[in-house]
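Reading through the structure tokens given below for one structure.
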Amino acid sequence: MTEPKLRIRGLGKTFHSDKRTVEALRGIDLDIALNEFVCLVGASGCGKSTLLSIVAGLQDHTVGEMAIDGDPILGPGLDRGVVFQSYTLLPWLTAQQNVEFALRAAGKDSAACRAIAREHLELVKLENFAGHYPAELSGGMKQRVAIARALSYRPKMLLMDEPFGALDALTRQQMQSLLTQIWEEHKLTVLFVTHDVEEAVFLADRIAVMAPSPGRIVQQFDVGLGRPRHEDLMETPEFMQMQRQVHRAILDAARPQAGAEA
Amino acid sequence: MNTPRRRPQSRIGQPISRRSYLATSILVFVAIGLVWFVLTTSGIVSPIFLPSPGKVVSQLWTLALNGTLWDDLVASLYRIFVGFLIATAAAIPIGLMIGNFARWEAAIEPLVDFIRYMPVTAFVPLTILWTGTGDMQKFTIIFIGTFFQQVLMVMDNVKRVPRDFIGLGRTLDLSDMQILRRIVLPSAMPGIWDTVRITLGWSWTWLVLAELVAATSGLGYRITVSQRYFQTGTIIGYILLLGFLGLIADQVMKALGKRLFRQDTQH
């Protein structure tokens with residue numbers, strides 16, 4: 001068996017506040033293979049964003065282990081590119097400069113920064129907006145710049161925390177198509193958090209369903225839909241069938257008594 | 001039978017044209033000037049309490065011609081420049097630190113909050129004891145009056161920087177100091193600029209206060225001297241001048257801020 005790109009074993013997270021302790025995550029085991037696209041879904045409060053944030057190194061975990069290519073994750077790093085739900089474009093920099101900002105942090109010289117940033121803006125089809133400031137871009141465009149930025153320094157995997165959650169339905173669909181297209185052409189390892197089942201089925205190779213209190217993975221689905229995927233896939237019976245199954249699993253997982261079993 | 005009429009629209013929050021805005025503002029100034037003029041020229045109010053507008057202007061003109069006004073202005077501007085600069089230069093880095101690091105906040109925030117509630121006026125006698133009546137004492141009063149407010153306001157500006165911006169910096173493997181310098185500070189800068197602009201207005205008050213109590217030059221000093229000799233015209237002229245200087249400083253800062261932070265303000 002080949003080594004997975006990302007390997008999570010027995011991961012748990014407990015929050016301590018003055019009054020009480022909350023177990024946010026318990027016994028998370030998850031492997032993501034090279035160039036696999038995995039979506040984490042679940043009802044709100046199930047800890048899926050917390051899990052992603054821990055993988056990003058932005059939060060500590062209480063127990064368990066994580067490794068990328070066998071190297072333990074000990075904090076944030078350039079081997080993981082993160083796309084946040086809030087666009088996190090720096091408002092005083094142009095689209096181009098926002099991408100260059102990351103490249104400079106990754107230690108590239110300025111000529112390389114310019115060229116690579118340009119190339120990645122082309123990848124997200126924003127080459128004509130390189131000189132625009134974030135305030136002059138729509139939400140979808142901002143998120144495309146953020147994706148270009150996260151990809152630009154060639155991380156080993158991409159972590160996306162509900163990146164399209166703040167977009168309107170039409171833009172969201174366009175973004176999903178664009179992301180799928182980029183993924184299919186360039187091959188990336190992706191962990192993608194969403195509460196939108198349709199989005200998960202459309203994007204993912206595999207879907208992990210999480211249950212709340214404590215947050216844990218209760219079921220996984222292999223999305224056996226072929227590629228390349230286009231928007232009309234969403235109308236096929238196979239797609240809807242898969243969507244129903246995942247949806248059912250989320251609802252089952254979110255039932256209160258399900259918490260007793262773990 | 002009359003057809004039902006549309007109810008009048010609410011005027012809350014409704015804009016008016018730029019012209020009518022300007023006209024209204026000017027009208028108020030003119031009206032107050034007119035009341036002043038009528039009150040003083042009709043003899044209702046004695047000139048010892050309130051001289052006529054013409055008298056005030058001619059008084060200012062005389063002082064401008066003989067250089068007094070210029071000397072006073074230079075003395076005061078110098079004091080405010082130095083005092084305010086020291087306060088701001090200290091407040092921005094310290095505010096940045098307490099806005100980001102809990103240990104710094106615990107060490108400084110409660111202390112600053114405590115000092116902030118001590119009336120600046122009460123420090124005047126003390127600062128005279130400490131530093132005499134020269135420029136140093138003016139710097140000190142301006143510093144006490146502005147620094148402690150600025151620190152807390154800058155801290156607030158810094159805390160408004162979105163958490164995810166800091167997350168971004170961390171995922172890019174930047175050190176804490178790099179995050180502060182490259183992300184937090186530029187991100188908070190429009191807010192900090194506003195803080196500087198607002199506190200600059202306050203610092204005029206502290207300057208004049210210090211000059212009223214003990215000084216041998218400056219706008220506040222001239223006001224005290226004029227009171228001694230019943231030169232009400234000079235007092236009023238100087239007060240108007242101070243208001244005018246404050247207004248100009250504020251407008252300049254505002255215009256500069258708009259230019260500097262164009263990208264951040266338009267949404």
Exercise for the section: Answer yes or no: is there a residue in the range B:121-135 that is under 18 Å from the mean Cα position of the chain (by Cα), more than 30 Å from residue A:106 (Cα to Cα) and buried (at least 21 other Cβ atoms within 10 Å of the Cβ). Expected result: no
Fill in the blank from the handout: When the range A:164-194 is checked residue by residue, the ones that are in contact with a helix residue (DSSP H, G or I) (Cβ under 8 Å, 6 or more places away or on another chain) and under 21 Å from residue A:25 (Cβ atoms) are A:190, A:191, A:192, A:193, A:194
Handout entry: Qualifying helices (runs of 4 or more DSSP H) (wholly inside the range A:192-262; at least 3 residues being aliphatic (A, V, I, L, M))
Key = A:197-203, A:237-254
Practice task
Among the numbered conditions (1) over 19 Å from residue B:261 (Cβ atoms); (2) crowded, with 20+ Cβ neighbours inside 10 Å; (3) of a type in the set (S, T, N, Q); (4) within 11 Å of chain A (Cβ to nearest Cβ), tell me where residue B:178 comes up short.
Solution key: (2)
Problem - Filter result (surrounded by fewer than 19 Cβ atoms within 10 Å (Cβ to Cβ) and facing chain B (nearest Cβ under 7 Å)) within the range A:73-85 - result: A:77, A:78
Handout entry: Candidate set: the range A:91-121, residues that are of a type in the set (Gly, Ala, Ser) and in contact with an Asp or Glu (Cβ under 7 Å, 6 or more places away or on another chain); chosen: the one nearest to the other protein chains (Cβ to nearest Cβ)
Key = A:105
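Conditions tested, residue by residue: (1) within 28 Å of the chain's Cα centre (by Cα); (2) within 26 Å of residue B:127 (Cα to Cα).
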residue	(1), (2)
B:152	yes, yes
B:159	yes, no
B:165	no, no
B:179	no, no
B:185	yes, no
B:203	yes, yes
B:213	yes, yes
Practice task
Might you check whether a residue that is at the interface with another protein chain (Cβ under 8 Å from one of its Cβ atoms) and touching a helix residue (DSSP H, G or I) at 6+ places or on another chain (Cβ under 9 Å) occurs anywhere in the range A:58-70?
Solution key: yes
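Restricting attention to the range B:133-140, does a residue exist that is more than 14 Å from chain A (Cβ to nearest Cβ), of a type in the set (Asp, Glu) and in a helix (DSSP H, G or I)? Before you say what the answer is, go through the steps one by one.
Looking only at the range B:133-140, we keep the residues that are more than 14 Å from chain A (Cβ to nearest Cβ), and these are B:133-140.
After this cut, where a residue has to be of a type in the set (Asp, Glu) as well, the list is B:135.
Still in the list and also in a helix (DSSP H, G or I): B:135.
Yes, some residue in the range B:133-140 is more than 14 Å from chain A (Cβ to nearest Cβ), of a type in the set (Asp, Glu) and in a helix (DSSP H, G or I).
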Practice task
Considering every residue within the range B:184-202, establish whether at least one is within 12 Å of another protein chain (Cβ to nearest Cβ), touching a residue at least 24 places away in the same chain (Cβ under 8 Å) and among the hydroxyl-bearing types (Ser, Thr, Tyr).
Solution key: yes
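Return yes when residue B:264 is away from chain A (no Cβ under 14 Å), under 30 Å from residue B:189 (Cβ atoms), in a helix (DSSP H, G or I) and in contact with a helix residue (DSSP H, G or I) (Cβ under 7 Å, 6 or more places away or on another chain) and no when it is not.
no
Values in this text are rule-based calculations from the coordinates and carry no lab data. These numbers were taken from a predicted model, which means no experiment stands behind them. Please note: Cβ atoms are built from the backbone with ideal geometry, for glycine as well, and neighbour counts cover all protein chains shown.
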